[in-house]
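Worksheet: the structure to be examined is printed underneath.
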Amino acid sequence: MQFLPSFIRISFYLLLCINGFSQIFVIANTESILISIPKDFPATRKKNEDSTINPLPHILLNDTAPAYTNKLTLDIPVQNHKTKRKYYIELLNLQNNSNYQIKLCWSAIHPLIIDNLDWHIIPPYTVHLDSPSGNEDPLYHFDPVDYPRIIVSVNIDTHLFLKNLHGRSAAIGKEKLPQINISVIKTFLGIPMDLYPIVTYITMVVIAMSSIYYCYTRSETKLSIVS
């Protein structure tokens, strides 16, 4: 029994190291924010597919599907004369009085600089979006609606991608465009729902290892008493 505290400490440090290494690799190609939908926020509508105006990229949340299916793959255009752009993504079918994680993932093979990840509630009847930086960012127009919209904004810079491309003497037209996967994941108690299976698995492994070790040390103690 005297070795049980040491075993628990070793298990804890092992899990801590695994988590630390995972964070090191995740930071390299992942950005995320948490958003909180107000309790009195009106229900967001489904996308109007008949819109005649260029629509925003959007993610339609489906609570009956696994969390990882609520995502959008965004192709990032690459131009030598303009490397930094602002992108807007509309979130649809979110539940009021709920919390969500917005996560952006991209491949380390296609290095990108991503910053200013944020979210906004756009007032009703707004027909365009433009950032304070003016002409550097694209201007989006969409049909005015009588309810507020939830918009995610992010700045994406392809400078490093172009630098890597020129270093390999590759042509822009022949190289695959970088892509970003944008996911919307509902959270519970501050933890994204897609992490609960992992947390449950780790907890079960620790409990099983502790139980096995406890039974082993107990049997050893009984044998020593008998002898």
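Matching residues to (1) among the β-branched types (Val, Ile, Thr); (2) over 18 Å from Arg149 (Cα atoms); (3) out of contact with any Gly (no Cβ under 9 Å at 6 or more places or on another chain); (4) modelled with pLDDT under 60:
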site: Tyr13; (1), (2), (3), (4): no, yes, yes, yes
site: Asn19; (1), (2), (3), (4): no, yes, yes, yes
site: Ala28; (1), (2), (3), (4): no, yes, yes, yes
site: Ser36; (1), (2), (3), (4): no, no, yes, no
site: Asn48; (1), (2), (3), (4): no, no, yes, yes
site: Lys86; (1), (2), (3), (4): no, no, yes, no
site: Leu91; (1), (2), (3), (4): no, no, yes, no
site: Asn99; (1), (2), (3), (4): no, no, no, no
site: Trp106; (1), (2), (3), (4): no, yes, yes, no
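The set of residues in the range 169-212 being hydroxyl-bearing (Ser, Thr, Tyr) and at pLDDT 75 or above consists of Ser183, Thr187, Tyr196, Thr200, Tyr201, Thr203, Ser210, Ser211. Selection of first residues in the range 60-88 that are within 18 Å of Leu104 (Cα to Cα) and of second residues that are assigned to a strand (DSSP E or B) and at pLDDT below 70, restricted to Cβ pairs under 8 Å at least 6 apart or on distinct chains, gives the following pairs, ordered by first then second residue: Tyr88/Leu129; Tyr88/Tyr140.
The values are calculated or read from the model by the stated rules, or taken from the named source; none is laboratory data. Small disclaimer: the values here were computed from a predicted structure and weren't measured. Note that each Cβ is placed from the backbone with ideal geometry, even for glycine, and that neighbours are counted across all protein chains shown.
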